[in-house]
Each structure stands twice: as C-alpha cells, then as structure tokens.
Amino acid sequence: MKKIIIIILVTILLIAGGISTYIGLEYSKFSNENKGANLKYVLKLLFIKKYSSSDFFKYINKKPSAKHTKINIVIPKTSVKQIAKLLKKKKVITDVKSFVIFVRLKAMDKKIKNGEFEFYTDLLPNDVLKVLIEGKEAQYQVTLPENLTYQEIALLLEKAEVTKAQAFIKLCESKKMLKKYNIDYVIPKDRENYKPTLEGYLYPETYKFKHWTKPEIVLDRLVKSMKTRIKNYDKERKKLGWSTHQLVTIASIIGKETTTDSERFKVSSVFHNRLKINMLLQTDPTVIYQVTGRKSTKYHAGITKKMLEDPTNPYNTYIYKGLPPGPIGNPNYKSIEAAVKPVKTKYLYFVSNNDGTHTFTTNYADHLKAVKKYWQKVKKVKKAK
C-alpha cells in the first residue's frame, strides 16, 4: 500500500514538476504584487481543471507563425482574458488560456497598458507580454517626397493615418504659426494679395508618428527638421545677403525645375545669373503654383499666354522681377545646397530634353534652337504612340 501511495505521489510530482519549477523561477524574478492571487489561479487550473503543464511549456516556446507580419492592435482597458481573446483573434497568440496563465504567473496582469501597440505574428508569448508592459505606442510611417506643396503633404499625412489633412492645412496657413516659427516673409507692395504660409518649411523625408497625432505636433516636427537643414547653410546665405525665406524660395524653384542632382547647381546658376542682371526668372512652376490654388505645380493642360500675363498672380515670374514672395514647394537639402552654391556659368536659359535632363544656353538664339529640338522630340514621342 505504501509503495502504491509513493508511486502516485511521485507521478503527481513529475507531472507538476516542470510547471512548479517554472513557477519558482518566474516568481523569484518579479515583484510580490498580486502574486498570491495569481498563484492561486494557476494552481486551480493545474490541479482542479487538470490543465496540462506539457502543453503550457510547448506554448511559451512556440511562435504563432513563421511569417514576420506587422499588425497594430488597440488594447483596451479590460481584463487579461479579454485582451488574450483579442490577441488570438488577431493571430498574435494561439491560446487564450495559456497566455492568461503566463501573464498571471509572472504577476504582470496589473502592469499591462492600454493603447495602440505594434505586434508581429512571429513573437513568442514573452515578447507579446513585453509589448503590452512597455506600452510603446504603434508608429505610422509616412514618406514625404521632395518638392510637394503643403497641401499635397497634408493629403499624404491623412492617407497614412498620421493626422487630418484639413486641420494640418489650416495650421500651415495660420498667422499664429508663421509668427511662432519666425518666418521672415515680406509682402511686396505690388503684390498685396500674396498670402504667406508655411510652404517651404516642411522638410521632405520619412517620418514615424503615433496614430492620428495632433496636427500641431506633426507640423512642429516637420518645421524643426527643415530649420535644422537650413541652419547648416547660414554662412553661405548671409554671404549672399539673403533672408531665410529667400533661400527656401529659390531652393523650392530649383527643386521644381529639376530632380537630377548633377543639374541642380546649373539650374541654380541660371537663376543667380538672371537675378544679378535684374532679368525676369520666367519659370513656369511659379505661375502654375497659383493657378492650381497652391495645391500643386503640375498643370497638365499647359500654360497659356493669359496665365503668363496675369498680374493678379503674385508668383508670376514672367511679370514680376526677382524671386516670388514665397516658396512653391518643400525642397530637400540638395536643392537648398544648390541654391547657395551655384556653379559658375554664364547660362541664362535652359530647356527640357524631355528625358529628365536639360539643355543650358547663354543666349536667346541658342535657347530657341534648344526649344525647337525639344518640340521635335515631343512630336516624335506622340507619333510613336
């Protein structure tokens, strides 16, 4: 009889031994908070409901999937069991009961934070718990290409679920924001209809934000990022006698005229040369910017003579000499550098080659020849289609 009792006891110990050892090890690592209640809960599952310790050990060492797929999940303020059900539904964990045991075994059920967090489908239970405990909110990535207008940027931000477009646009047009960031714009006396914005001060790069971040926070980060880049060229800017606003303005025009790095400095030289002799810049993107309601500089219908002669357009560089009163897009550092470091040339003209490059010329006669070649290429392309 004694032998039978001993065998039964040994069997029970062997069955529970693994999980018991685990309990001991885990409880030595964490705080005493809520340990009693959690231990009671685990033991109840093990010995009253006959939960398999071997299944538990398999669970804590197995990933739900081999695929590394990101998934953002909003964790509500609720019980561990309800959170586990949500995680299983989203395929981040495979078993509700095992995850609840795991969390309560570690006495971490009261440490779980609520919010939107970033998970992956190949996380071990301990990694999932780590995400819940650390509470680092999920990040939404958005890439802002160079030369977009503030309105185009606003639409991208909303598409990426970073912030609402209209609220962002409103801030960009706010006098309060212009004052906050010390935008040194000047309204020309002959163009009092010019309405300054934060155009040109939103640095184009890849950002990460929390889901539906306040537009003020998003704007602040973009503007500060641009200000940092501009500051790197303060020495060159001051030597040219330009204000920060003038620097950003010419950089935005350079960026709109070419995205070919080797040509930015040549395009810059054309504008510098024209400004030196008080010659009209005559650049199409500045005209188009106002025509499209400052939403874009892409105007597929083409520029008409009426547009070029429109004096109500404050950005019309075919009528008004010098730089337009403000930027027409948001340039990157390459265009900013080109603006203050033009190559030394005698170029006064350039025309597209219809392949991303341009032909640069020093006189009007040669320019007309280059224009003729351009239209010949355009006609050939149309015929080929």
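Which members of the range 331-369 meet the condition of being assigned to a helix (DSSP H, G or I) and surrounded by 18 or more Cβ atoms within 10 Å (Cβ to Cβ)?
Those that are assigned to a helix (DSSP H, G or I) and surrounded by 18 or more Cβ atoms within 10 Å (Cβ to Cβ): TYR333, SER335, ILE336, GLU337, ALA338, ALA339, VAL340, HIS367.
For the range 215-240, the set of residues classified as surrounded by fewer than 17 Cβ atoms within 10 Å (Cβ to Cβ) and of a type in the set (Val, Ile, Thr) consists of ILE217, THR228, listed by residue number. Scanning the range 289-318 for residues that are β-branched (Val, Ile, Thr), modelled with pLDDT of 95 or more and either farther than 18 Å from VAL186 by Cα or touching a Leu at 6+ places or on another chain (Cβ under 7 Å) (or both) yields a count of 1.
Scanning the range 167-203 for residues that are part of a helix (DSSP H, G or I) and surrounded by 13 or more Cβ atoms within 10 Å (Cβ to Cβ) turns up ALA167, PHE168, ILE169, LYS170, LEU171, CYS172, MET177, LEU178, LYS180. Counting only helices (runs of 4 or more DSSP H) that sit completely within the range 249-319, those holding 2 or more residues that are hydroxyl-bearing (Ser, Thr, Tyr) and on the phi < 0 side of the Ramachandran plot correspond to 261-276, 284-291.
Looking across the range 214-241, just one residue is touching a helix residue (DSSP H, G or I) at 6+ places or on another chain (Cβ under 9 Å), in a loop (DSSP other than H, G, I, E, B) and free of Cβ contacts under 8 Å to residues at least 60 places away in the same chain, and that is LYS214.
Against the condition over 30 Å from LYS111 (Cα atoms) and under 21 Å from the mean Cα position of the chain (by Cα), how does THR163 come out, does it pass? So THR163 does not fit the description; no. Listed by first and then second residue, the pairs with beta-carbon distance under 7 Å, at least 6 apart or on different chains, first residue in the range 356-385 and closer than 21 Å to VAL267 by Cβ, second modelled with pLDDT under 95 and of a type in the set (Gly, Ala, Ser), are HIS358/SER352; THR359/ALA370; THR361/ALA370; TYR374/SER352.
Could you tell me whether LYS295 is surrounded by 14 or more Cβ atoms within 10 Å (Cβ to Cβ), farther than 25 Å from ILE169 by Cα, of a type in the set (Lys, Arg) and in contact (Cβ under 8 Å) with a residue 60 or more places away in the chain? No: the conditions fail for LYS295. Among the conditions (1) β-branched (Val, Ile, Thr); (2) touching a strand residue (DSSP E or B) at 6+ places or on another chain (Cβ under 9 Å); (3) closer than 26 Å to SER225 by Cβ; (4) part of a loop (DSSP other than H, G, I, E, B), ILE328 misses just one, which is (2).
Looking at GLU161, GLU152 in this structure, which one is over 21 Å from LEU247 (Cα atoms), assigned by TED's automatic domain parsing to the domain that holds ALA251 and buried (at least 17 other Cβ atoms within 10 Å of the Cβ)?
Of GLU161, GLU152, the one residue that is over 21 Å from LEU247 (Cα atoms), assigned by TED's automatic domain parsing to the domain that holds ALA251 and buried (at least 17 other Cβ atoms within 10 Å of the Cβ) is GLU152.
The values are calculated or read from the model by the stated rules, or taken from the named source; none is laboratory data. Keep in mind the model is a prediction, meaning the values are calculated, not measured. Every residue, glycine among them, receives a Cβ derived from its backbone with ideal geometry; neighbour counts consider all protein chains shown.
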